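The values are calculated or read from the model by the stated rules, or taken from the named source; none is laboratory data. Fair warning: this is a prediction, and the values are worked out from it, not measured in the lab. Cβ placement follows ideal geometry from the backbone for every residue including glycine, while neighbour counts extend to all protein chains displayed. Surface accessibility is based on the protein's heavy atoms, side chains included, excluding ligands, DNA and RNA. Shrake-Rupley method; radii C 1.70, N 1.55, O 1.52, S 1.80 Å.
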Amino acid sequence: MDYEGFFIERVDALRAEGRYRIFADLERRCGRFPRAYDHRIGAEVTVWCSNDYLGMGQHPVVLAAMHEALERCGAGAGGTRNISGTNHYHVLLERELSDLHGKQAALLFTSGYVSNETTLSTLARLLPGCIIFSDALNHASMINGIRASGAEKCIFRHNDLGHLAELLAAAPADRPKLIAFESVYSMDGDIGPIAAICDLADRHGAMTYLDEVHAVGMYGPQGGGVAEREGVMSRLTVIQATLGKAIGTMGGYIAGSAALVDAVRSAAPGFIFTTALPPVIAAGALASLHYLRRTPELRERHQASVARLKRLLAQAGLPLMPSESHVVPVLVGDPVLCKSASDELLGRHGIYVQPINYPTVPRGTERLRLTPSPLHDEPMALALVEAMTEVWKRLGLKAAA
């Protein structure tokens, strides 16, 4: 077999479909968020698609904590958590996370992807005969974790409580059940019906697994997520989230009962056999959480920034997709044109927005996904909308219906 030729053909096919991914060579400028230096064009640009939703990745409180931890502990963790890698910062951070979510315990992972894939696969393997009920739009990390578990799975239509109820009712009453879903769905920006899913779980004796990756730090009085905002954290079996978005560093975690978390800690290969997060990262995340829990006005400023951008896009007649959250998707509907719109915004206007194409979203729903932060001010928003309006006309893209 011509292995090299095979790989070249696969990549060429992606290019032909307009789905080839090009990474932006960006250098985030400390203290200038959301500005960054783009080494491809040799100029500074405004970034409108960062998942550092609140700018905490450059906050002085976080940077100071990381500098202190670096001087105190050095660079790496020194090993897996089991052998030599558990640092006191890990312990403190897990305590903070469990307290944030009102749970008995928490467990750190190296990323949100790893925490989802590892926990879901481990829980389903531990529970004999477990059936997993998964929302159709769950993240790839959840899907892969469910597949890796080898457990029976039932996929319910996105946010469709009636369909979920039917599937639960059809399952044997004596088998363990786990419902896996998200709070904020990152591409459409809609929100899962957490309380209603908990009602169904109670009725059918199921566990609940909630991914709050795009919500922690963003919603609730202390930034505990949508579940905190809606007062239902205590009803959830497992809450999973990331430290790499609103918290501004990296890593993932789960929070739940002491027994459940201990079982995952003791049985999950994705936790046991990987080097721990560097203490400097844990220290930065801990400082970020301390700050966010005590600064609700930052979330208020963020929501005001989101509302302003949605209003300006709608007034300009741009095809803003419905969104209940801080995710602001603008429909293009074609992969090649979506990439062209991104290129035009960058080359002509110094605005960076990554195109979102299949398989991240269904074919025909290609879009630009905007994520305004509290630091995107009104002049930036006006400049973005003016630039998008010009690009839409230049490329002949469809306006709002």
### Message
For region 164-192: of the residues being of a type outside the set (S, T, N, Q), under 18 Å from the mean Cα position of the chain (by Cα) and assigned to a loop (DSSP other than H, G, I, E, B), which is surrounded by the fewest Cβ atoms within 10 Å (Cβ to Cβ)?
### Response
ASP190
### Message
Among (1) among the small types (Gly, Ala, Ser); (2) more than 15 Å from PHE271 (Cα to Cα); (3) over 17 Å from the mean Cα position of the chain (by Cα), there is one condition ALA106 misses while meeting the rest; what is its number?
### Response
(2)
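This table checks each residue for (1) of a type in the set (A, V, I, L, M); (2) closer than 27 Å to SER183 by Cβ.
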{"position": "SER305", "(1), (2)": "no, yes"}
{"position": "ALA316", "(1), (2)": "yes, no"}
{"position": "MET321", "(1), (2)": "yes, yes"}
{"position": "VAL332", "(1), (2)": "yes, yes"}
{"position": "ILE351", "(1), (2)": "yes, no"}
### Query
Within region 298-315, can one find any residue that is part of a helix (DSSP H, G or I), open to solvent by 30 Å² or more (accessible area, probe 1.4 Å) and in contact with a strand residue (DSSP E or B) (Cβ under 7 Å, 6 or more places away or on another chain)?
yes
### Query
Can you find even one residue in region 226-239 that is assigned to a strand (DSSP E or B), at pLDDT 95 or above and touching a strand residue (DSSP E or B) at 6+ places or on another chain (Cβ under 6 Å)?
yes
### Task
Give the residues of region 342-382 that are open to solvent by 50 Å² or more (accessible area, probe 1.4 Å), touching a residue at least 60 places away in the same chain (Cβ under 8 Å) and in a helix (DSSP H, G or I), sorted by residue number.
GLY347, GLU378, LEU382
### Task
Examine region 283-293 for a residue that is open to solvent by 50 Å² or more (accessible area, probe 1.4 Å) and of a type in the set (D, E, K, R), and state whether such a residue exists.
no
### Message
Just checking, does region 229-238 include any residue being among the hydrophobic types (A, V, I, L, M, F, W, C), free of Cβ contacts under 8 Å to residues at least 60 places away in the same chain and open to solvent by 30 Å² or more (accessible area, probe 1.4 Å)?
### Response
no
## Note on the structure
Here the qualifying pairs (Cβ atoms under 6 Å; residues six or more apart or on different chains; first in region 182-193 and within 8 Å of VAL327 (Cβ to Cβ); second of a type in the set (S, T, N, Q) and at pLDDT 95 or above) come out as VAL184/SER325; GLY189/SER323; GLY189/SER325
